[in-house]
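One structure is given below, encoded as structure tokens.
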């Protein structure tokens, strides 16, 4: 199981939100490049970077420049998401060094673009982020409610060539209340997709439950706040994952 530490950026700084709310952010003062390098030094094999300002539709943020500097400052791959709403956005970040680009709003609002992006950049480079609260997908920085349920959107993008999704229960994100493994397993059972679990990991027991879920499609987990709050170390996570 791959452990993927998260770097969420707001105005160029590392933050963690609670339940995806922009008015509920905890700011961590460490330099994002320093954070990325420390994750790599502790054994991370992959990073998850999100431009929260762009996700909320805010412009003139330094986050994408910061992300590009992170790509250059480490020797491990990173996926990037947040405000990826046009093919041009995707192209620019792949050209800048992102190993994968995460799309969310595009997938829910313009599904026909998903197949175009897969054809253009390959299924290995395009990941769909499915962020749900209750039974509905949230888009545009988690502030708009989609017509799709998480399961319906997963089925839709699978038919369009997507091979991996990141599933987040927004109500648990940043709350240290444990991931929604039940809904994740439902999606895994119904869709032929690889799944990265995100949102709510609070303990090493959570990682054990994910690892022992006995579904090879759930092969990775994103961890953010628990690492920043010192609930455990990245090295601890990697030991459990092994």
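The set of residues in region 123-143 that are surrounded by fewer than 18 Cβ atoms within 10 Å (Cβ to Cβ), touching a helix residue (DSSP H, G or I) at 6+ places or on another chain (Cβ under 8 Å) and closer than 21 Å to residue 58 by Cβ contains only 140. With respect to (1) touching a helix residue (DSSP H, G or I) at 6+ places or on another chain (Cβ under 8 Å); (2) in contact (Cβ under 8 Å) with a residue 60 or more places away in the chain, the lone exception for residue 101 is condition (2). Taking the numbered list (1) surrounded by fewer than 19 Cβ atoms within 10 Å (Cβ to Cβ); (2) touching a strand residue (DSSP E or B) at 6+ places or on another chain (Cβ under 6 Å); (3) at pLDDT 95 or above in turn, residue 96 passes all entries but (2).
For region 218-240, which positions are out of contact with any strand residue (DSSP E or B) (no Cβ under 8 Å at 6 or more places or on another chain) and surrounded by fewer than 20 Cβ atoms within 10 Å (Cβ to Cβ)?
Initially, region 218-240 is screened for residues out of contact with any strand residue (DSSP E or B) (no Cβ under 8 Å at 6 or more places or on another chain), giving 226, 229-233, 235-236, 239-240.
Listed by number, the residues that qualify are 229, 230, 231, 232, 233, 235, 236, 239, 240.
Go through the residues of region 190-213 one by one and say whether even a single one is over 30 Å from residue 13 (Cα atoms), surrounded by 23 or more Cβ atoms within 10 Å (Cβ to Cβ) and touching a strand residue (DSSP E or B) at 6+ places or on another chain (Cβ under 7 Å). No, region 190-213 contains no residue that is over 30 Å from residue 13 (Cα atoms), surrounded by 23 or more Cβ atoms within 10 Å (Cβ to Cβ) and touching a strand residue (DSSP E or B) at 6+ places or on another chain (Cβ under 7 Å).
The values are calculated or read from the model by the stated rules, or taken from the named source; none is laboratory data. These figures come from a predicted structure and were not determined experimentally. Note: ideal-geometry Cβ built from the backbone for every residue, glycine included; neighbour counts use all protein chains shown.
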